[in-house]
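Taking it in order: structure first as structure tokens, then the write-up.
What follows is calculated from the coordinates using simple rules that are stated; it is not laboratory data. This is a predicted model, so every value here is computed, not measured. In this analysis, Cβ positions are derived from the backbone assuming ideal geometry, glycine residues included, and neighbour counts consider all displayed protein chains.
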């Protein structure tokens, strides 16, 4: 196979990812898969392909659950270790009880939500939030909590009023049940945050959110608009930024939107959000690859955590495209993770647990069957691998266009590979094994990296 080997060796997306992985291993000498995902700030499914590429070039070895350099050389300069946040704000006994409770969760509804924090990271986030809750009493609101952080905060701040808003009734039920077991209480409201006019405007001291990352900032601004409305002057927004499954600079529009909403950045903590992998998401090739090397995965990707203070009311409309949640929900029904989880089952969960009267997705939306192969060409134009595709799905490339694009990039290919690129535009099914499986996974990884909006 020619094309997949060329992608591994020469494509900017893989060239930059390999550089990141090697940088981690030069510093740490060896690590496990979760450690590599966190330190390289790359999503796990891309890291697996990066390991494969570096094995082929004989630069690293992966076996017995660890990844290490073959020729480590002189390791004179070390980067500082990852900061460990003080968790003392969350009682150790409460945190231990919580870890057991968090293992039994509602099935994720992927038409609305995203990946969830692992329980250990949820404890860190709760401690970070409590740090910003100054005073003996106050009000704190969570705009969505599929990460199940609110019960920890409620247990740590017994004299504070804790409010949780979420579109998913099962998330609210789990949060209330967990808080009760921990000896705390919280107030839950079933609400579509893209439309609801929330009560307590201007009365909340701290608002917590974890918006889905969008290249135009539209999802974040929709959430942070609610944050700004709820917060009193001088109140604190605790939120997320810097998703590791997107290029550096991807969140620039979101940060501009935050500023326009009167929220001034105070604090930023790198990778203080480690998100779980789903049991269903790995392909047969990926599972075999990990099994052969005894690699295990519990962390899919990371985000950074930030705090901002409301210093004024919004003085202008936040920049970017207005967010259409119905359109976004329709797009999630065709996302590859939703399809892997079972689209019909996900629709059932949304119908059962959503806000009454709100359609969880648009039945008239055209199905998105295949992958955007155009990402392979979009990412050729940037050294950092930061894509420029703003449309949901690029126009389908015919065979002549595919061949012309590859020739222009001086990329070799076989008849089998060019045919597979054509097939992947019409089907999200990736082969179970062999080089064509790797090609399909590479296209999926580049498409995810390049995409600016889910809808």
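If packing is taken as the average number of other Cβ atoms within 10 Å across a peptide's residues, how do 50-62, 223-235 rank, most packed first?
223-235, 50-62
Using a Förster distance of 25 angstrom, determine the FRET efficiency expected from the C-beta separation of residue 256 and residue 313, and round it to 0.05.
The computed FRET efficiency comes out at 0.90.
Can you give me the angle between helix 343-353 and the longest principal axis of the chain, using Cα atoms only, in degrees from 0 to 90, rounded to the nearest 10?
Taking Cα atoms only, the helix is inclined about 0 degrees.
Considering only DSSP beta bridges where both residues belong to the chain, give the percentage that are antiparallel (nearest 5).
Bridges in the chain are about 55 percent antiparallel.
Using 0.36 nm per residue of separation minus the Cα-Cα distance, give me the extension gain between residue 281 and residue 344 in nm, one decimal.
21.0 nm
Given R₀ = 30 Å, FRET efficiency for residue 99-residue 337 by Cβ-Cβ distance, to 0.05?
Here the calculated transfer efficiency is 0.75.
Using Cα atoms only, what is the angle between the long axis of helix 169-181 and the major principal axis of the chain, expressed in degrees (0 to 90) to the nearest 10?
Approximately 60 degrees, to the nearest ten.
Given the rule -39500 (n - 2.57) for each run of at least 4 DSSP H residues, summed and divided by the residues of the chain, what is its mean residue ellipticity at 222 nm, to the nearest 500 deg cm²/dmol?
That comes out to -12000 deg cm²/dmol.
Between residue 196 and residue 29, what is the spin-label point distance in nm, taking each point 7 Å from the Cα along the Cα→C-beta axis?
With each label point 7 Å from Cα toward Cβ, the separation is 5.2 nm.
Hey, rough spin-label estimate for residue 70 and residue 408, points 7 angstrom out along Cα→Cβ, what's it come to in nanometres?
3.5
Relative to the longest principal Cα axis of the chain, at what angle does helix 399-408 sit, 0 to 90 degrees, rounded to 10?
Once rounded, the angle reads 90 degrees.
How large is log10 I(q)/I(0) at q = 0.10, 0.12, 0.14 Å⁻¹ when the Debye formula is applied to the Cα atoms of the chain, each weighted equally and without solvent?
-0.75, -1.08, -1.41
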